[in-house]
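One structure below.
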Amino acid sequence: MRETTFPALDRGLATSGRDRSQLEIAFPSMVIVAETEEALAKGRDAMRPRLAFYGSTPAYKVVLDAHGWGDMHEELNRLSKTGDWATMAAMITDEMVDTFTVSGTPEQIAPRLQERYGDLVQRVSFDTPGKLGPERVARVIEGFRATRA
């Protein structure tokens, strides 16, 4: 986002005589809510196919490039055309999952999202690899309330 998206956004805004202060930027993030190492491992495994799909998409190659993984795109793209989703998912390392997702306990999610994206975006939404249940959702939401205080 810092290296590609925002410089492009700023160029476009400059062309129109505006700046970022005139926008509200929303960012959809991927989150793994996990209270144990086992749950974190399951969450990472559930995110691998999704990240492999994104990595296979030509428009997302620039994202892989920004992190030094651009050479994976061609193979992921090729495998997507054959439907080999299992091999694609296996190519996604823990480091990659941790780079593209935010993980933690319900109480840690909001502060970690704030730390990673707070200086860039005004709104954040997130997708998780499974249902959180009402009690865990309430704990995540309370974390967001606490970061606003």
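Values quoted throughout were computed directly from the atomic coordinates according to the rules given, and no laboratory measurement underlies them. In this text, all values refer to a predicted model and were calculated from it rather than measured experimentally. Cβ atoms come from the backbone with ideal geometry, glycine included; neighbour counts cover every protein chain shown.
Would you please calculate the Kirkwood hydrodynamic radius of segment 24-148 over all C-alpha pairs and express it in Å, rounded to one decimal?
With all distinct Cα pairs of segment 24-148 included, I get 15.4 Å.
Rounded if a/c is under 1.5, else prolate if a/b beats b/c, else oblate: with a ≥ b ≥ c from the C-alpha gyration tensor eigenvalues square-rooted, which is segment 106-149?
Taking the square roots of the gyration eigenvalues as a ≥ b ≥ c, segment 106-149 is oblate.
Exposed loop sites here are GluC sites (Glu not before Pro) in DSSP loop states with at most 12 other C-beta atoms within 10 Å. What is the longest stretch of the chain lacking them?
No qualifying site falls inside 25-149, the longest such stretch.
Normalised by the residues of segment 45-149, what does the relative contact order come to in percent, with Cα pairs under 8 Å and at least six apart?
Once divided by the residue count of segment 45-149, the mean separation gives 26 percent.
Under 11 Å from the Cβ of Asp65, count the other residues' Cβ atoms, weight Lys and Arg +1, Asp and Glu -1, and hand me the total.
Summing Lys and Arg as +1 and Asp and Glu as -1 gives -1.
Shape of segment 1-91 from its Cα gyration tensor (a ≥ b ≥ c, root eigenvalues): rounded if a/c is under 1.5, otherwise prolate when a/b > b/c, or oblate?
It is oblate, given that a/c is not under 1.5 and a/b is not larger than b/c.
List, in order, the whole-Hz ³J(HN,Hα) value for each residue of segment 42-53 obtained from phi through the Karplus relation with A = 6.51, B = -1.76, C = 1.60 and θ = phi - 60°; use x for Gly and Pro.
Karplus values, whole Hz, x for Gly and Pro: 5, x, 4, 4, 6, 7, 4, x, 5, 5, 5, 4.
So what's the net charge close to Thr4: Lys and Arg +1, Asp and Glu -1, counting the other residues with Cβ under 12 Å from its Cβ?
Net of charged neighbours comes to 0.
Just subtract the alpha-carbon distance of Asp65 and Asp10 from 0.36 nm times their residue separation and send over the number in nm, one decimal.
Contour length minus Cα-Cα distance gives 17.7 nm.
Principal axis extents for segment 13-59, Cα atoms only, whole Å, descending order, please.
Cα spread of segment 13-59 along its principal axes, largest to smallest: 50, 29, 9 Å.
Between Glu142 and Thr57, what length in nm is gained on full extension when 0.36 nm per residue of separation is reduced by their alpha carbon distance?
Length gained, Glu142 through Thr57: 27.1 nm.
Among residues other than Glu37 whose Cβ falls under 12 Å from its Cβ, what is the net charge (Lys/Arg +1, Asp/Glu -1)?
Neighbourhood net charge equals -1.
With label points built 7 Å along Cα→Cβ from the Cα atoms of Ala90 and Leu132, find their separation and express it in nm.
According to this spin-label approximation, the distance is 3.3 nm.
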